[in-house]
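Report on the following structure.
The values are calculated or read from the model by the stated rules, or taken from the named source; none is laboratory data. The model shown is predicted, which means the values in this text are computed figures rather than measured ones. Note that each Cβ is placed from the backbone with ideal geometry, even for glycine, and that neighbours are counted across all protein chains shown.
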Amino acid sequence: MAKKRRGKKQSNWLIIIETFVILFVLIIAFVSFRYYRRQAIETEKIRQQQIAREATRQKIIKQHKAFINEIGPVAQEVDKSYELLPSITIAQACLESNYGKSSLSQKYNNLFGVKGSNPNTSAILTTKEFEKGKWILVKARFQIYDSYEASIRAHARLFQRGTSWNKNQYQHVLAAKYYQTQAHALVKDGYATDPNYADKLIKIIQQYQLDRFDK
C-alpha cells in the first residue's frame, strides 16, 4: 500500500509540474505574441508614416516642377538679352516666392520681392530681412506686376541698369559666366542680405537641374 501511495504522489507531482510547464509555456507564448504584435503594429505605423511623407514630398516636388516649367521658358527668353543666366533667375524666383506660393507672388506677381514707392503700383506687406546677424520682420512696400513675365523683365533690367545710387552695382553678377559664380556675385554685389543666399540658389539649381535652361 505504501508503494501505491508513493506512486500516486509522484504521479500527482508530475501532473502539477506538467501543468506548471504548460502554463509557463502558454504565458511565454502569450507575452511573445503580444510583444511581436505590438512590434508589427509599430512597424506598420512607421511604414505608413514613411509612405505619407514620401507622398507629400512627391506632391511638393511635382508642384515645384510645375512652377519651374511655367517660368523657365520665360526666364530663358528674357535673360538671353541681359547677360544673365536663366538658372539663377529661376532659382531666385523659386527661393524668394516659395515656388509661387508666397502671397506677394500670388496676389501681385512679384517673384523677387522687389520694393516699390508708388502707392498706385505697390502694396505694403510684412517680410523677413536679415539684419545684424538675425532675421527680423519688417513692413515694406512691394511692387505690383501684371504677370510673372513683367516681374522677370523688371528683375533683369535691375541688373543691367543697377541702382539709383550705383549703376554698376551688379557688375560682378553680369561678368559671371557660371551659375555658381553668379550666385556668389549676387551676395558680393549686395543683392541679398542672407549670407547663405548663394548656397541656397546653387542647391535649388542642382536639385532641379536648372542649368539646362542656360543652354
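Things to note:
- Test for residue 57: is it surrounded by 10 or more Cβ atoms within 10 Å (Cβ to Cβ) and over 30 Å from residue 87 (Cβ atoms): no
- Whichever residue in segment 171-186 is outside any helix (DSSP H, G or I) and under 25 Å from residue 67 (Cβ atoms) and, among such residues, is farthest from the chain's Cα centre (by Cα): 176
- Residue 63 meets the stated requirement of being surrounded by 10 or more Cβ atoms within 10 Å (Cβ to Cβ), closer than 18 Å to residue 209 by Cα, at pLDDT 90 or above and out of contact with any helix residue (DSSP H, G or I) (no Cβ under 9 Å at 6 or more places or on another chain).
- For segment 147-160, the count of residues that are part of a loop (DSSP other than H, G, I, E, B), closer than 27 Å to residue 103 by Cα and out of contact with any Gly (no Cβ under 9 Å at 6 or more places or on another chain) is nonzero.
- Residue count for segment 117-132 under the criterion of being closer than 20 Å to residue 191 by Cβ and either of a type in the set (Val, Ile, Thr) or part of a helix (DSSP H, G or I) (or both): the result is 1.
- Close pairs (6 angstrom Cβ cut-off, 6 or more residues apart or separate chains): at pLDDT below 90 in segment 163-186, basic (Lys, Arg) and surrounded by 11 or more Cβ atoms within 10 Å (Cβ to Cβ) anywhere: none
- Flag not set for residue 154, criterion: loosely packed, with under 15 Cβ neighbours inside 10 Å and of a type in the set (A, V, I, L, M).
- Residue, modelled with the lowest pLDDT, within segment 187-215, restricted to residues that are closer than 18 Å to residue 69 by Cα and part of a loop (DSSP other than H, G, I, E, B): 215
- Reported count of residues in segment 47-83, each being over 26 Å from residue 157 (Cβ atoms) and either of a type in the set (A, V, I, L, M) or in contact with a Leu (Cβ under 8 Å, 6 or more places away or on another chain) (or both), is 6.
- When residues of segment 86-111 are limited to those that are crowded, with 21+ Cβ neighbours inside 10 Å, at pLDDT 95 or above and of a type in the set (A, V, I, L, M, F, W, C), the one nearest to the chain's Cα centre (by Cα): 94
- Of all residues in segment 108-154, those being among the aromatic types (Phe, Trp, Tyr) and free of Cβ contacts under 8 Å to residues at least 40 places away in the same chain number 4.
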